[in-house]
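The values are calculated or read from the model by the stated rules, or taken from the named source; none is laboratory data. On a predicted model such as this, the values are computed, not experimentally measured, just so you know. Cβ atoms come from the backbone with ideal geometry, glycine included; neighbour counts cover every protein chain shown. Only protein heavy atoms, including side chains, enter the accessible area calculation; ligands, DNA and RNA are left aside. Shrake-Rupley method; radii C 1.70, N 1.55, O 1.52, S 1.80 Å.
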Amino acid sequence: MTNRTLAARDLAHIAIFAALIAALGLPGALSIGAVAVPITFQTLGVMLAGAILGARKGFFAVALFLALAAAGLPLLSGGRGGLLWFTISPSTGYLYGWLLAVVVIGYLTARLLPKYPFWPAVGATALGGVVAVYLLGIPVTAINLGLPLWVAIFDSAKFLPGDLLKVVVTVLVARQVHRAYPGLIAPLARRSSSGTAPAQVDSAPTA
Amino acid sequence: MIGLYSPGRSVVHRAPTLLKLVLLSVGVVVIGVLQQPWQLAVAALVVLTLFVIARIPPRAAVAQIAPILWMLVIVVPIQGLLAGWLVAGLMAGRLITAVALAALFTLTTTVTSVLEAFQRMLRPFGRWIDADRIGLLVALTIRCIPLVTEIVTEVLEARRARGTRGSVMALAVPVVVRSLYAADALGEALVARGLDD
Amino acid sequence: MSTITFDAVSHAFGERQVLRGIDLRLTEHRIGIVGANGSGKSTLVRMINGLVAPSSGTVSVDGLDVAKKAREVRRLVGFIFTNPDNQIVMPTVQEDIAFTLRRRGLSAEEITQRTTAALHRFGLAGHADHPAHLLSGGQKQLLALAAVLVADPKVLVADEPTTLLDARNARHIGDLLRSMSQQVIVVTHQFALLEGFDRVIVIEHGAVVADGVPEDSLDAYRALLA
Amino acid sequence: MSTITFDAVSHAFGERQVLRGIDLRLTEHRIGIVGANGSGKSTLVRMINGLVAPSSGTVSVDGLDVAKKAREVRRLVGFIFTNPDNQIVMPTVQEDIAFTLRRRGLSAEEITQRTTAALHRFGLAGHADHPAHLLSGGQKQLLALAAVLVADPKVLVADEPTTLLDARNARHIGDLLRSMSQQVIVVTHQFALLEGFDRVIVIEHGAVVADGVPEDSLDAYRALLA
Ligand SMILES: Nc1ncnc2c1ncn2[C@@H]1O[C@H](COP(=O)(O)OP(=O)(O)OP(=O)(O)O)[C@@H](O)[C@H]1O
Ligand SMILES: Nc1ncnc2c1ncn2[C@@H]1O[C@H](COP(=O)(O)OP(=O)(O)OP(=O)(O)O)[C@@H](O)[C@H]1O
Ligand SMILES: O=C(O)CCCC[C@@H]1SC[C@@H]2NC(=O)N[C@@H]21
Ligand SMILES: [Mg+2]
Ligand SMILES: [Mg+2]
């Protein structure tokens, strides 16, 4: 298996997480406040993808989900889909932010494993799942709606409680999952001077 | 999983997907720079005409555009107070027109052909991206959606059957773990059926 | 024994009529339910603890209407699913068994004690801290039983609890079911599991087509399948 | 028939020794494999198309070493898993059957034609465009068979293919397996499935403990379980 192609098991992991993010859109979307960017469970799926699959597979999972939604499948919360959500809607920037988030969380999680201490993990997940997402999301909301930046910033505050809760849930879930299914993310050496990661634990029978 | 496609045989439906994508991008940019109400009116009329040509059922069209309308009810007053009512009106007009155009694309193009168009756009990057694998991933994801919802249902049932409700955690952990094991089994089936050929 | 009654119960999933006018009064100690794939067996037994609410009619356990008193009924009725994976809700064997008890307001001590006892009774003591998903099929099915019986329900409902087991393990589970003082209702395709049962009900196309002592019912079912 | 050989095959998952020095030469048309839960049956048959690579020893199919020629071997050997849900990889029935062919570089026309033939042969023609996950258990198992046999493998390996089925559906699958011209290797806990087989192998603790005509092997296995 070259490192360019993905093994069948990796493909299946990617597909099932893309499906998981889609399933988290089923409870629907909640829109409150001035700017109608919905509050959605799907961000939880994005954070989980990073913290459980790691940066590479997680990125593919989120990208796959977004591509399917963009292609017109009604996978965004509330049964929406199509290119408009990826171009001119107020939530556009957040969606691209998800791609950044999953990479940041995946990379940092690999550095925290195998110990995965609680507070650093919360910090890492929040850095990707909140900071990175808002960094792209807020300005694009302002641009697409022709609103001053401060209105968009002010409005995004309504996401904060929910998003912080999702961060904590992600960390608690990821910790248990790494226990019940070890070897998903190869831990990265903390000092990158040696340059090589420890051999990946691979307990599954797919040789 | 048929997506949001609204079947039809019109010119708009039959136009090549890549062409539609290009026209859509140009259209959205043009709409975005319009500064005069009359220009916007012309653009809106063009889009409306396209909807008529494509014979989109009004209900399907409204379903696509309604979420944005709701949003405007709140945003327009804010903008009106901050920047003046003409600006607010123009912004709303541009947004609705552009959204309608994008929705028209989605309503007249099958998911399959959009995905094919994406694959064609990725072809120049073929050295890094394997278009075949992407096609497989797409189908696999669509297959996995019912699999995941089944897993969620089963975990919820198991908890109920055991007379407990429990926290988000007691739902999320088993759902994720079982999804991973189900994915492993799927991966094996892919190999057994010749995927890594 | 408890009394479980189905009173004019019908059920449809969307357009599909799955159960039609079921009237039953279950009072025997050990009751088996058989029928072809898709005949409605699982739907029927899921109603006993409210996993499926009937489209019409009522199901009750000891006079409690399942639709209205689901919470109370679920304390009386333990349920075992076909696929033991469905039932495992916690990462390790011990946590999974303790999970059932945790919500019953027992003291931590009592939880530990009853969990340990269950681990021993079902031969899982050596696996207490194992990831539950890595047990063998037979062990998972035993864990499923342990996790349900630890709460000491009055009725045990099991939907095909031996599908993945070898003959010895299947017999082991069968012996367990037969030796239990609780009332037992078992859905199965394996006739041997129903040996020594008091009553067997045959379901076909959502209706009861035979009901009586095991020999007669199973003969009727065999005739149906031929 | 093909010749499948196991040559001094041993296997361990981590610390756990699962297969010990297996030597086998499988040339018969219909071969059954039985044994207790956890005895190593699934591990053994997975080696036939390289899903598990042995820790030591070699497995070969018609002289091709599975470890080295996995790709060629997988074209010869079709594999059916216990749980059909986990082997349906495409959204609709027809797409799932076509998937196997798509990887073989056949023309679109030939794919359609062979897919349609398979749909008819397995009684799934009416469900071609149905989402595969909505099929009944028996239909899913038939789909699994169809999706593998459409590629016309020389050998079919099935790991407990009838566990969730009622007696009629199990017999139907059994009849299908018996009527096939291909070589068939079946792992099962249901002895009835092995009627008319040419050879039955009993595995216990990772070793072959009986091997011969079905009657003798099954007697030996029954004695073992008693
Ligand atoms: N959640 C559901 N939604 C729609 N249809 C369902 C659902 N559950 C079951 N069915 C359908 O209801 C019918 C009866 O299903 P049920 O599971 O009760 O059968 P069963 O007798 O338990 O079969 P088996 O022996 O295969 O377990 C089947 O046709 C099935 O497809
Ligand atoms: N991926 C794995 N990692 C670790 N141990 C494993 C793995 N797969 C199987 N085992 C162990 O290897 C042993 C043999 O397993 P195998 O699945 O081959 O048994 P089996 O004979 O097919 O049993 P069953 O009748 O329950 O299907 C078991 O003890 C099992 O727990
Ligand atoms: O579905 C969409 O159109 C995009 C939704 C983007 C939602 C953003 S992501 C961060 C923040 N947290 C939420 O719950 N919602 C927003
Ligand atoms: Mg059932
Ligand atoms: Mg097995």
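Structure data summary
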| quantity | calculated |
| --- | --- |
| Per-region count, the range C:154-169, residues open to solvent by less than 20 Å² (accessible area, probe 1.4 Å), out of contact with any Ser or Thr (no Cβ under 6 Å at 6 or more places or on another chain) and either at positive phi or at the interface with another protein chain (Cβ under 8 Å from one of its Cβ atoms) (or both) | 2 |
| Unmet requirement for residue D:111, which otherwise passes all of (1) in contact (Cβ under 8 Å) with a residue 24 or more places away in the chain; (2) surrounded by 17 or more Cβ atoms within 10 Å (Cβ to Cβ) | (1) |
| The one condition in (1) in contact (Cβ under 8 Å) with a residue 12 or more places away in the chain; (2) within 16 Å of ligand 2 (Cβ to nearest atom) that residue C:167 fails to fulfil | (1) |
| Residue ID - farthest from ligand 1 (Cβ to nearest atom), chosen from residues in the range C:35-73 that are within 24 Å of residue C:194 (Cα to Cα) and among the basic types (Lys, Arg) | C:46 |
| Count - residues of the range D:207-226 that are within 22 Å of residue C:163 (Cα to Cα) and in a loop (DSSP other than H, G, I, E, B) | 1 |
| Residue A:111 open to solvent by 10 Å² or more (accessible area, probe 1.4 Å) and over 25 Å from residue A:185 (Cβ atoms) | no |
| Residue list for the range D:29-45, restricted to those being free of Cβ contacts under 8 Å to residues at least 24 places away in the same chain and touching an Asp or Glu at 6+ places or on another chain (Cβ under 8 Å) | D:37 |
| Whichever residue in the range C:63-103 is in contact with a Lys or Arg (Cβ under 8 Å, 6 or more places away or on another chain) and assigned to a loop (DSSP other than H, G, I, E, B) and, among such residues, is most open to solvent (accessible area, probe 1.4 Å) | C:103 |
| Residue ID - nearest to the chain's Cα centre (by Cα), chosen from residues in the range D:179-198 that are away from ligand 2 (no atom under 15 Å from the Cβ), within 15 Å of residue D:80 (Cβ to Cβ) and not in a loop (DSSP other than H, G, I, E, B) | D:184 |
| Only one of B:177, B:152 that is surrounded by 23 or more Cβ atoms within 10 Å (Cβ to Cβ), at the interface with chain A (Cβ under 7 Å from one of its Cβ atoms) and assigned to a helix (DSSP H, G or I) | B:177 |
| Among (1) surrounded by fewer than 22 Cβ atoms within 10 Å (Cβ to Cβ); (2) in a loop (DSSP other than H, G, I, E, B) - the single one residue C:175 does not satisfy | (2) |
| Every residue from the range C:107-150 that is out of contact with any Phe, Trp or Tyr (no Cβ under 8 Å at 6 or more places or on another chain) and β-branched (Val, Ile, Thr) | C:111, C:112, C:115, C:116, C:150 |
| Answer residue from the range B:9-31, given it is surrounded by fewer than 16 Cβ atoms within 10 Å (Cβ to Cβ) and at pLDDT below 85 and is farthest from residue B:64 (Cα to Cα) among those | B:29 |
| Residues satisfying the stated conditions in the range A:126-166, i.e. within 13 Å of another protein chain (Cβ to nearest Cβ), open to solvent by 70 Å² or more (accessible area, probe 1.4 Å) and within 11 Å of ligand 3 (Cβ to nearest atom) | A:165 |
| Which numbered condition residue D:121 fails, given (1) open to solvent by 10 Å² or more (accessible area, probe 1.4 Å); (2) within 14 Å of chain B (Cβ to nearest Cβ); (3) closer than 29 Å to residue D:64 by Cβ | (2) |
| Candidate set from the range A:43-78 (those that are farther than 25 Å from residue A:161 by Cβ and not aliphatic (A, V, I, L, M)); member that is surrounded by the most Cβ atoms within 10 Å (Cβ to Cβ) | A:72 |
| Tabulated pairs, the range C:131-153, first within 14 Å of chain D (Cβ to nearest Cβ) and open to solvent by less than 10 Å² (accessible area, probe 1.4 Å), second outside any helix (DSSP H, G or I) and within 16 Å of ligand 4 (Cβ to nearest atom), C-beta under 8 angstrom, 6+ apart or interchain | C:138/C:164; C:141/C:161; C:141/C:162; C:141/C:164 |
| Residue among A:64, A:68, A:75 that alone is at pLDDT below 90 and either at the interface with chain B (Cβ under 7 Å from one of its Cβ atoms) or in contact with an Asp or Glu (Cβ under 6 Å, 6 or more places away or on another chain) (or both) | A:68 |
| Criterion: surrounded by fewer than 21 Cβ atoms within 10 Å (Cβ to Cβ), more than 16 Å from ligand 2 (Cβ to nearest atom) and modelled with pLDDT of 90 or more - qualifying residue of C:55, C:39 | C:55 |
| Of residues in the range D:1-29 being in contact with a His (Cβ under 9 Å, 6 or more places away or on another chain) and open to solvent by 40 Å² or more (accessible area, probe 1.4 Å), the one nearest to residue D:69 (Cα to Cα) | D:1 |
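Per-residue answers, yes or no, for (1) within 29 Å of residue B:172 (Cβ to Cβ); (2) at the interface with another protein chain (Cβ under 9 Å from one of its Cβ atoms):
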| site | (1), (2) |
| --- | --- |
| B:78 | no, yes |
| B:87 | no, yes |
| B:97 | no, no |
| B:116 | no, no |
| B:122 | no, no |
| B:125 | no, no |
| B:139 | yes, yes |
